[in-house]
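The values are calculated or read from the model by the stated rules, or taken from the named source; none is laboratory data. Please read all numbers here as calculations on a predicted model, not as lab measurements. Glycine also receives a Cβ, built like all others from the backbone with ideal geometry; neighbour counts cover every protein chain displayed. When the accessible area is computed, the model is the full protein with side chains, heavy atoms only, and any ligands, DNA or RNA have been set aside. Shrake-Rupley method; radii C 1.70, N 1.55, O 1.52, S 1.80 Å.
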Amino acid sequence: MAVSQVFDAVIVGAGAIGAACALKLAHTQPKAKIAIVERGSMLDAELGENLRVWALGEVATQLLSDVGVFQQLDAAACFPYSRMVVWDENSEGELSFSAQEFDRDALGHMVDASFCTQILQQQLSCTSNITSFFSTQVDAMEQHKGSRRLILDNDAIATKLVIAADGAQSSIRKMAKVFAPTKSYEQRGIVAKIRSEQAHKDTAWQRFLATGPLAVLPLADNYSSIVWSASELEASELMACDQTQFESRLQGALENRLGGIELMSERFAFPLTSRQAETYYQPGLVLIGDAAHSIHPLAGQGANLGFKDVAALVEILSHSKDWRDPAALAKYQRLRRPDNLQTDFLMTSLHLAYLNNSPWWSLARGRGMNWLTQNATIKDWLARQGMGL
Ligand SMILES: Cc1cc2nc3c(=O)[nH]c(=O)nc-3n(C[C@H](O)[C@H](O)[C@H](O)COP(=O)(O)OP(=O)(O)OC[C@H]3O[C@@H](n4cnc5c(N)ncnc54)[C@H](O)[C@@H]3O)c2cc1C
């Protein structure tokens, strides 16, 4: 099939990470010709929220500001949180962080993922050097004389650089034969919106239960979003029980810290896996976001890592004369892969540390948490990880 258009870069996937990458690249390089291909239709306000909320740190919110999106998130879609409390079902350990301790107004922002992605996608059509192909599938990718060709539904386009942002099941990654071993946590994450009898006090609550972590993320009007990671068996029970039973199990799991709980939405369950691509680049191809790495959501870092990939890649490309230059893509991998692997390792270690409930281990864990609360250096490091810095 003949090529109809040639672009400097083609981003595949207009989720939050792909759309943010297209916008940031287009703003930084106004002369570059950029395309974005998304198999779904453009997100629509009518579709409403998908219940997923991201706890975004500074790098992510700065990037969203740079592309004019953060300013458009209203109070219902973006809520600053100023405290975090972590405690353990099987020990006396408790860890807490407050923005005040770090001389900040907030530790981060809880952002409605669906609303944020919707605004990012709207911005694409307002940016003159971006061509968007929605409801368009990439059927094949070919290498041709130093460029890549993408075969779309009824079209073919060519580019110097394909940026794969097509999520954890990335078909571009598979077409490029990049291996990305998957680890299953044998858990599911249940997400829902709730309201609590007592004020959430702008606090992100996280309790490590014997069967997995439960996070309660504060939103406007005393709503919260929960991510309850549970074993397959417990997740099936939690999904099957009626509203009143679910509310009372949640209230119990939170040790009544927020008082009575009212379920304000449906519940959705996601299988929890982690996946790391063995390489982030090939000639004319680079992976970002969940296409390159996906991790356990226990500390809410997945999207943060993706936004950091975007910031690093765009910075490197803006200093590179040829976007195919393997040295530039290798630099991107050097900058981002160790951070992503380290975060994945940290999440897996925390997951395992809290699943082990032998008495000695629980005692040591509780003492360790209390010691961390008093150790300024380590606490500062942990807080910086949590704030996505
Ligand atoms: C339960 C749960 C809770 C989470 N909580 C948090 C949190 O609190 N904080 C946080 O930072 N992260 C969190 N995450 C992780 C976060 O949601 C992901 O890291 C983030 O959504 C990844 O964005 P992405 O744009 O890379 O991928 P996606 O959102 O998956 O987007 C990929 C896009 O590519 C498109 N696409 C796919 N294939 C093709 C193709 N062949 N052609 C064209 N388009 C294609 C898809 O339609 C989609 O629009 C959580 C994850 C889970 C499962």
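Of the GluC sites (Glu not before Pro) found in the stretch 232-340, those that fall in a DSSP loop while having at most 14 other beta-carbon atoms within 10 Å are Glu255, Glu266, Glu278. The alpha-carbon atoms of the stretch 74-149, seen along their principal axes, cover 61, 32, 24 angstrom, with the largest extent given first. For the stretch 1-75, what is the Kirkwood estimate of the hydrodynamic radius, computed as the reciprocal of the mean inverse distance between distinct Cα atoms, to one decimal in Å? By the Kirkwood definition, the hydrodynamic radius is 14.4 Å.
Using only the C-alpha atoms, the convex hull of the stretch 257-352 corresponds to 140 Å³ per residue. Which values of log₁₀ I(q)/I(0), to two decimal places, follow from the Debye formula for the chain at q = 0.14 Å⁻¹ with a uniform point scatterer at every Cα? Debye curve over Cα of the chain, log10 I(q)/I(0) at q = 0.14 Å⁻¹: -1.22.
Taking a quarter of the surface of the Cα convex hull of the stretch 214-313, what do you get in nm²?
On the way: hull surface 33.8 nm².
Averaged projected hull area, Cα only: 8.4 nm².
Which order do Thr61, Thr244 take by accessible area at a 1.4 Å probe, largest first?
These residues rank, largest area first, as Thr244, Thr61.
Sorting the Cα pairs of the stretch 26-134 by distance into bins of 10 Å, from 0 upward, gives 12, 34, 29, 15, 7, 2 percent per bin.
Using θ = phi - 60° in the Karplus curve 6.51 cos²θ - 1.76 cosθ + 1.60, the 3J(HN,Hα) couplings for the stretch 119-136 round to 5, 4, 5, 5, 5, 4, 6, 8, 10, 5, 8, 10, 9, 9, 10, 8, 6, 10 Hz; x is entered for Gly and Pro.
Take the Cα atoms of the stretch 145-304, build their convex hull, and give its volume per residue in Å³. Walk me through the numbers before you get to the answer.
Numbers: hull volume 23.6 nm³, N = 160.
Value for the stretch 145-304: 148 Å³ per residue.
For the stretch 110-201, rounded, prolate or oblate, judged on the Cα gyration tensor with a ≥ b ≥ c (square roots of eigenvalues), a/c < 1.5 rounded, else prolate if a/b > b/c? Oblate, because a/c is 1.5 or more while a/b does not exceed b/c. The residues of the stretch 1-94 expose on average 44 square angstrom of accessible surface per residue, using a 1.4 Å probe on protein heavy atoms. Charging the Cβ of each Asp and Glu at -1 and of each Lys and Arg at +1, and nothing else, the dipole of the stretch 21-86 about its Cα centre rounds to 320 debye. When the scattering of the stretch 191-230 is computed by the Debye formula from its Cα atoms alone, each counted once and equally, what is log10 I(q)/I(0) at q = 0.26 Å⁻¹? Taking Cα atoms of the stretch 191-230 as identical point scatterers yields -0.83.
Using the per-residue mean of other Cβ atoms lying within 10 Å as a proxy for protection, in what order, highest first, do the peptides 105-112, 319-326 fall?
Numbers: 105-112: 21.5, 319-326: 13.2.
Per-residue mean Cβ counts within 10 Å order the peptides as 105-112, 319-326.
Note on the stretch 132-234: Lys pairs 8 or more places apart or on different chains, Cα atoms under 24 Å apart, count 7.
In the chain, the portion of solvent-accessible area held by carbon and sulfur atoms comes to 52 percent [1.4 Å probe, whole percent, DNA, RNA and ligands not counted].
Calculated mean residue ellipticity at 222 nm for the chain: -11000 deg cm²/dmol, from DSSP H runs with n ≥ 4 weighted as -39500 (n - 2.57), summed, divided by the residue count and rounded to 500. Taking every DSSP bridge with both residues inside the chain, close to 70 percent are antiparallel.
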